[in-house]
Amino acid sequence: MRTSLISASIAVPGLALALILTGCSGPATGSSSTQAPRASTAAVQPSASPSAAPKDVLFTISANVRDKTGSTIAIQLTAHTPRPYSSLDAKPLISEFVRSCGGGIGGTPITPESLAANGSILLPMDLASSATGKTFVYPVGLNLGSSYFGQSAIGKGIAPADATRPCYNGYSWSKSGTGHAIADFETSIPTPDPTIWKYAYYGFTLPPDSGATIEACSVTLSPQAVKTVVGVDGWDPTKAGSGIACGVGYMGE
């Protein structure tokens, strides 16, 4: 499948999100093989104030959901450049990840030694909302990586989707606010692969029978991400939204 990649400007100033909404309430049509598609234009939310995105941002996934009063809340997942286990930047990520997933419930216990032996890279992610403390109409599913490797997520209203495998089956987000997550990827040998994150899926989902929708889906890939995911099925931002999902990533399995 030929992959078409677009970028739309999205500012990420912590809690204040500057979201440019592309109106992806359903799957977009494919792009021409000779010309990249153009991002549609919509109004920025009134409360948003634009600012420069951090340089290490890998990609962003943005959407609108509703709280139980019917008000629209903007939510955003920001993925940052992954850190190999041996880098200094990875040390705080390793500590947090081991605290969250070191018990090995439903999987193999995770330790700093096991991460080193298996060539781990850790991909940090931030979660943000345009409002705080609002209960979503239905809890939003968080897809944060690959089910073959562990993930951790921390924040108010964020809980494992499956208590029997808390670090392997994603998370549920019931209340707006902020949070952060870590996705682990491993090569099974001590040498890490800094691009292995491309074989995973990221974003927001809702069950078809939830009665809730995910609107205004928008995905932005950094130049680094565009270069890395070339030829990998699923990384087409124009097909990120379906009405009950807003996500992007590997769809091979």
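The values are calculated or read from the model by the stated rules, or taken from the named source; none is laboratory data. Everything numeric in this text was worked out from a predicted model, so none of it was measured. Ideal geometry is used to build each Cβ from the backbone, glycine not excepted, and the neighbour counts take in all protein chains shown. We work out accessible area using only protein heavy atoms, side chains counted, and drop any ligands, DNA or RNA first. Shrake-Rupley method; radii C 1.70, N 1.55, O 1.52, S 1.80 Å.
Quick notes on this one:
- With respect to being over 12 Å from the mean Cα position of the chain (by Cα), open to solvent by 40 Å² or more (accessible area, probe 1.4 Å), of a type outside the set (Ser, Thr, Tyr) and farther than 30 Å from Glu113 by Cβ, Gly252 fits the description.
- Set side by side, the residues Asp209, Asp193 differ, and just one is at pLDDT below 95, of a type outside the set (A, V, I, L, M, F, W, C) and more than 16 Å from the chain's Cα centre (by Cα), which is Asp209.
- Within the stretch 225-253, residues that are without any contact (Cβ under 8 Å) to a residue 40 or more places away in the chain sit with their Cβ atoms under 8 Å from residues that are among the small types (Gly, Ala, Ser), at 6+ positions apart or across chains, in these pairs: Gly234/Gly249; Gly234/Gly252; Ile244/Ser210; Ile244/Ala212.
- Test: residue in the stretch 170-181 that is part of a loop (DSSP other than H, G, I, E, B) and modelled with pLDDT under 95: yes
- Top-ranked residue in the stretch 212-241 [being open to solvent by less than 40 Å² (accessible area, probe 1.4 Å) and on the phi > 0 side of the Ramachandran plot; ranked as nearest to the chain's Cα centre (by Cα)]: Gly234
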